[in-house]
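The values are calculated or read from the model by the stated rules, or taken from the named source; none is laboratory data. Because the structure is a prediction, the values reported are computed rather than measured. Every residue, glycine as well, gets a Cβ built from its backbone with ideal geometry; the counts of neighbours run over all protein chains shown.
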Amino acid sequence: MRKPRDFDAELKALEDKARELKTRKVQQLGDLVIATGADALTAEELAGALLVLAETKDLGRREAWARRGAAFFHGRSRRSAPASERDAVSTSAQPGGTQPPSGGTGPA
């Protein structure tokens, strides 16, 4: 005869695993913010930039951001994009293009 399954223990293990994954996701997001230098932004600036990204439907802009992000993860400097691409990407993220580049502190 087979041993009966302990569904409560299995459910608890799954809940613990889900909690661990959520914690790891939050930690990785924080690491990403720090690695990109976005920790120099205020919480309001960062939230505003993320809202603009989330609301953007222009596939061209999103693809440019994705290319830049992929380059970042492949070890290229976040400032290594050609100036024309960098300007197009930062201007597209900032309505009117009148705000300073990311970080708001001027050129590095």
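Among the residues of segment 32-43, just one is of a type outside the set (Gly, Ala, Ser), part of a helix (DSSP H, G or I) and over 21 Å from Ala70 (Cβ atoms), namely Asp39. Considering each residue of segment 3-13 in turn, none proves to be exposed (fewer than 10 other Cβ atoms within 10 Å of the Cβ), of a type in the set (Asp, Glu), at pLDDT 95 or above and at negative phi.
Do we have any residue at all in segment 83-92 that's loosely packed, with under 10 Cβ neighbours inside 10 Å and modelled with pLDDT under 95? The answer is yes; a qualifying residue exists. Pairs meeting the criteria (first residue in segment 44-62 and assigned to a helix (DSSP H, G or I), second residue loosely packed, with under 10 Cβ neighbours inside 10 Å and of a type outside the set (Lys, Arg), beta carbons under 9 Å, at least 6 apart or on different chains) are Val52/Pro95. Beta carbons closer than 9 Å, at least 6 apart along the sequence or on distinct chains, pair a first residue in segment 13-39 that is touching a residue at least 40 places away in the same chain (Cβ under 8 Å) and within 26 Å of Phe72 (Cβ to Cβ) with a second that is among the charged types (D, E, K, R) and in a helix (DSSP H, G or I) for Ala38/Glu45.
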